[in-house]
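Report on the structure given below.
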Amino acid sequence: MGYVYMVLAAASWALIGPVSRVVLERGLAPVEVAFWRALIGGALFAGHALALRQNIPRRSELGGAALFGLVGVALFYLSYQLAVLHGGAALASVLLYTAPAWVVLGSLLVLRQPAGTFQVGLVLLTLMGVLLLAWPQGGFRVSPAGVAWGLASGLTYAIYYIYGKLQFHRFAPTALFAVALPVGALGLLPWVRFTAKDAVSWLSLGVLALISTYFAYWLYSLGLRRLPATRAALVATLEPVLASLLAFIWWGERFSATGYLGAALVVLAVVLAALEPALSRRRSGSRP
């Protein structure tokens, strides 16, 4: 079931690009979209936690959850927008999905869970797939600031998996997100320029908060409880493939030849990640 939860989470995150496109065309800046997504999503998690009377982090744990909100929400959302601004959307997308590589490193240093050769190979296969999937016709527009902010977005995204492995057995994920998301929204507030919004804008923001934040993070937490951090991060890289599929359905946007190859590599890596336990048992059973 862990793989099912992570695939559903990736599908929910895949809505971010297409739905954000609708609201951005109505004049909202990306940072304002991120602010409302975090604030409304945090309110939904707070209502969930209060309804179930879950323990909200307090004292030192509250500080940790708040720090996660500043780094994993505010800095993550902001660094990705700055990566797009300085390096373009294609390069930002590729650098964001260096996250599985950061998770491998974090699993070794923080969780004391070294990755095997097979897992490292899957991470490299995924990175190659995302690179080909996002490759623009004119090549990448590389700048030091774009690369730096893109790598920062990948690192802060990876923190979700490391922090989750450390804390989800101590607190309900809904209670942690009830703290982290509002704190992240407050961290974004200094960069937000509010604009007038029509009904379609509010509806789009509601979809991003409900499906791509509340449901996505809840599903991700259920998956992460059942999967190693590296494997969960690999499955989540289905997001850009599914987002591209939605763009094709909604706007008729098609992959390039390299895009199709990249999507196939990402899907192959996810399938192999799901089959890895069975393959490991088979190899162990075949040894004399």
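Could you list all residues from segment 180-201 that are assigned to a helix (DSSP H, G or I) and farther than 15 Å from Ile159 by Cβ? Pro182, Ala185, Leu186, Leu188, Leu189, Pro190, Trp191, Ala199, Val200, Ser201 - these are the residues of segment 180-201 that are assigned to a helix (DSSP H, G or I) and farther than 15 Å from Ile159 by Cβ.
Among the residues of segment 136-169, those identified as of a type outside the set (Gly, Ala, Ser), in a loop (DSSP other than H, G, I, E, B) and touching a Leu at 6+ places or on another chain (Cβ under 9 Å) are Pro136, Phe140, Arg141, Val142, Phe168. Checked against the criterion of being assigned to a helix (DSSP H, G or I), in contact (Cβ under 8 Å) with a residue 40 or more places away in the chain, buried (at least 20 other Cβ atoms within 10 Å of the Cβ) and in contact with a Leu (Cβ under 7 Å, 6 or more places away or on another chain), segment 24-32 has no qualifying residue. The single condition from (1) touching a Ser or Thr at 6+ places or on another chain (Cβ under 6 Å); (2) of a type outside the set (Phe, Trp, Tyr); (3) buried (at least 18 other Cβ atoms within 10 Å of the Cβ) that Ile159 fails is (1). Only one of the listed residues (Tyr157, Tyr97) is at pLDDT 90 or above and under 27 Å from Ser244 (Cα atoms). That residue is Tyr157. Looking at the structure I just gave you, is Leu127 part of a helix (DSSP H, G or I), among the hydrophobic types (A, V, I, L, M, F, W, C) and more than 11 Å from Tyr97 (Cβ to Cβ)? The answer is no for Leu127.
Please verify whether segment 274-286 includes one or more residues that are in a helix (DSSP H, G or I), at pLDDT 85 or above and within 23 Å of Pro114 (Cα to Cα). No; the residues of segment 274-286 include none that is in a helix (DSSP H, G or I), at pLDDT 85 or above and within 23 Å of Pro114 (Cα to Cα).
Of note, Leu203 does not satisfy the criterion of being in contact with a helix residue (DSSP H, G or I) (Cβ under 6 Å, 6 or more places away or on another chain) and either without any contact (Cβ under 8 Å) to a residue 40 or more places away in the chain or of a type outside the set (Ser, Thr, Tyr) (or both).
So for segment 173-181 (the condition being in contact with a helix residue (DSSP H, G or I) (Cβ under 6 Å, 6 or more places away or on another chain), surrounded by fewer than 21 Cβ atoms within 10 Å (Cβ to Cβ) and not acidic (Asp, Glu)), does at least one residue qualify? Checking segment 173-181: not a single residue is in contact with a helix residue (DSSP H, G or I) (Cβ under 6 Å, 6 or more places away or on another chain), surrounded by fewer than 21 Cβ atoms within 10 Å (Cβ to Cβ) and not acidic (Asp, Glu). Taken together, the criteria place Leu261 among residues that are assigned to a helix (DSSP H, G or I) and either modelled with pLDDT under 85 or over 19 Å from Gly154 (Cβ atoms) (or both). Comparison of Ala66, Ala92 shows that the only residue that is under 16 Å from the mean Cα position of the chain (by Cα), surrounded by 16 or more Cβ atoms within 10 Å (Cβ to Cβ) and within 28 Å of Glu32 (Cβ to Cβ) is Ala92.
The criterion of being of a type in the set (Phe, Trp, Tyr) and within 26 Å of Leu219 (Cβ to Cβ) holds for Trp202.
The values are calculated or read from the model by the stated rules, or taken from the named source; none is laboratory data. Just so we're clear, the structure is a prediction, and the values are computed from it rather than from any experiment. Reconstructed Cβ throughout: ideal geometry from the backbone, glycine too, with neighbour counts over all protein chains shown.
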